[in-house]
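The structure appears right after this line, and notes come after that.
The values are calculated or read from the model by the stated rules, or taken from the named source; none is laboratory data. Here the structure is a predicted model, which means the values were calculated and not measured. No Cβ is skipped: glycine too gets one built from the backbone with ideal geometry, and neighbour counts run over all protein chains shown.
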Amino acid sequence: MSDAAALRRTPLHARHVALGARMVPFGGWDMPVQYTGILDEHRAVRESAGLFDVSHMGQIWLRGPEAVAVAERLVTCPVASLRPGRVRYGLLCNERGGVVDDVTVYRVADDELFLCVNAANIEKDYRWVVRHAGEADVRDQSDATGLLAIQGPEAAGLMTRLGDPDPGTLKRFRFRETKVASVPALVSRTGYTGSDGFEIYLPAGETETVFDALLEAGAQPAGLGARDTLRLEAALPLYGHELDDETTPLEAGLDRFVKLAEGGFLGAEALRAQSEAGVERRLVGFVLDERGVARADHALARDGETLGRVTSGAPSPTLGKSIGLGYVPAGFAETGTRLDVLIRDRAVAAHVVDVPFVTKASVGGQTGG
Amino acid sequence: MAEYDFPESLRYSREDEWARVEGDRIVIGVSDYAQQQLGDIVFVELPDVGTVVSAGDPFGVIESVKTVSDLFAPISGEIVAVNADLAESPETVNEDCYGDGWMIAIEPSDAEFETLLSAQDYAQYVKDRED
């Protein structure tokens, strides 16, 4: 309890408390883990629309004639070819190819873009970007920015009701500046749930207006607990679990977000060498064949020999089975490979499956293109 | 802020289990406070019938979507029944923690039942922890 004072608060903190949310520390922030219950909120996102406060995430802006060249060198995805109004997922890597953070890059204008970064990494990322920014103007605008995520098959309908003229025409991984509930907003068709939806960047002081308007329109508030089970079903990595400074994007199976052929970014040499030599360990998705719940740090084993560790695990509300992600030697990464998860010294049978665990088709919701 | 149901007819432990005398056995489960704190319960691991436990020993595990908690025996004795239905339907603990969500029955070896908290004392104990 004494640590609560040191935790940071988003502009919606008092709203979460008033809604009866259970608040927990996350990445240095006091955040809602659930309102009514994780399963209920998870279901809302898969079947209707859930509303997340993700204002704890950071936004680092790069401006000036060098902004694009600097970003091109900082992130693993191509930036120069990214047209204004488009978003790409990429990674900041260190010289060893380890992941400093995973980010989305928003190309706002020819000489203006921003990175949306993980809450726990804002200061680290800012220092990293400044160190490599040359003449570009770097600004951490995280505190001035509120961020909501409205996710689920009914998200587009709710946005229309709040005055966004035609959210359905915004394609996946594109954004535009518009007004939501009369508040100027940057709306992007992105998310971290595996369902269709939007992320809404707002002036921090007006975040509550839009949050309340979306609740009023019928969205269900959803906490970090559901956000975690949703992203796990979609096999989206979580920094600090699947990714860290010692893990490379190639080990994590994120090859398609790395411009290995072009190079010219921090970590490119190390990643190219690793690609040529072949990765020694790989991130795999697995499903438990017996009852139980795999959790981060449980050992993954075979014939009594520990092969690696679980990085994330949870019961999948959509599948009704326990699922998880973890690292194993590359030779054990084939789909169908049998593994044991050691849960309280008991070997629980599991097998490697293709990810994502849940696709839009298996959810049955309408797709967002 | 939250409302909890602590039936007067039960006794409670500081580890948030309840206990009820049924003939020569004592039935054990988790309190309404415990199930609300845990949230959606997804897995319950119980011991085999015949296991002998001492008061304070962990006898099983209860997992919600986010958390894992040990279950502690409020009294000593031999476990003479376990609620096998919870393997298939762990959510019963959320729905009916004092009824179908019971966990184990113990044939007590000591008179520890009388040392457990009354509903009133347990309610105060919960309140003190929430403040």
- Message: Going residue by residue through the stretch A:169-179, is there one that turns out to be in contact with a strand residue (DSSP E or B) (Cβ under 7 Å, 6 or more places away or on another chain), in contact (Cβ under 8 Å) with a residue 40 or more places away in the chain, acidic (Asp, Glu) and in the same structural domain as A:His42 (by TED's automatic domain parsing)?
- Response: no
- Task: Of all residues in the stretch A:282-301, count the ones that are within 14 Å of chain B (Cβ to nearest Cβ) and part of a strand (DSSP E or B).
- Result: 1
- Query: Just to be sure, is B:Val30 on the phi < 0 side of the Ramachandran plot and either within 14 Å of chain A (Cβ to nearest Cβ) or in contact with a Lys or Arg (Cβ under 8 Å, 6 or more places away or on another chain) (or both)?
  - Reply: no
- Specify which of the listed residues (A:Ala273, A:Ala261) is assigned to a helix (DSSP H, G or I), more than 14 Å from chain B (Cβ to nearest Cβ), more than 27 Å from A:Leu339 (Cα to Cα) and of a type in the set (A, V, I, L, M, F, W, C). A:Ala273
- Message: Would you confirm, using the coordinates I've provided, whether A:Gly223 is over 20 Å from A:His351 (Cβ atoms), within 17 Å of the chain's Cα centre (by Cα) and in the same structural domain as A:Ala149 (by TED's automatic domain parsing)?
- Response: yes
- Hey, does the stretch B:63-81 have a residue that's free of Cβ contacts under 8 Å to residues at least 12 places away in the same chain and over 15 Å from B:Tyr4 (Cα atoms)? yes
- Would a scan of the stretch A:209-221 turn up a residue that is crowded, with 24+ Cβ neighbours inside 10 Å and touching a Phe, Trp or Tyr at 6+ places or on another chain (Cβ under 8 Å)? yes
- Taking the stretch B:106-117 as the search range and keeping residues that are hydrophobic (A, V, I, L, M, F, W, C) and assigned to a loop (DSSP other than H, G, I, E, B), which one is nearest to A:Leu39 (Cα to Cα)? B:Leu116
- Hey, among the residues in the stretch A:302-339 that are free of Cβ contacts under 8 Å to residues at least 60 places away in the same chain, β-branched (Val, Ile, Thr) and assigned to a strand (DSSP E or B), which one's nearest to A:Glu251 (Cα to Cα)? A:Val328
- Can we say A:Ala14 is surrounded by fewer than 18 Cβ atoms within 10 Å (Cβ to Cβ), more than 13 Å from every other protein chain (Cβ to nearest Cβ) and over 20 Å from the mean Cα position of the chain (by Cα)? yes
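This table checks each residue for (1) within 14 Å of chain A (Cβ to nearest Cβ); (2) in contact with an Asp or Glu (Cβ under 7 Å, 6 or more places away or on another chain); (3) crowded, with 17+ Cβ neighbours inside 10 Å; (4) not hydrophobic (A, V, I, L, M, F, W, C).
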| residue | (1), (2), (3), (4) |
| --- | --- |
| B:Gly39 | yes, no, yes, yes |
| B:Ser54 | no, no, no, yes |
| B:Val65 | yes, yes, yes, no |
| B:Val82 | no, no, yes, no |
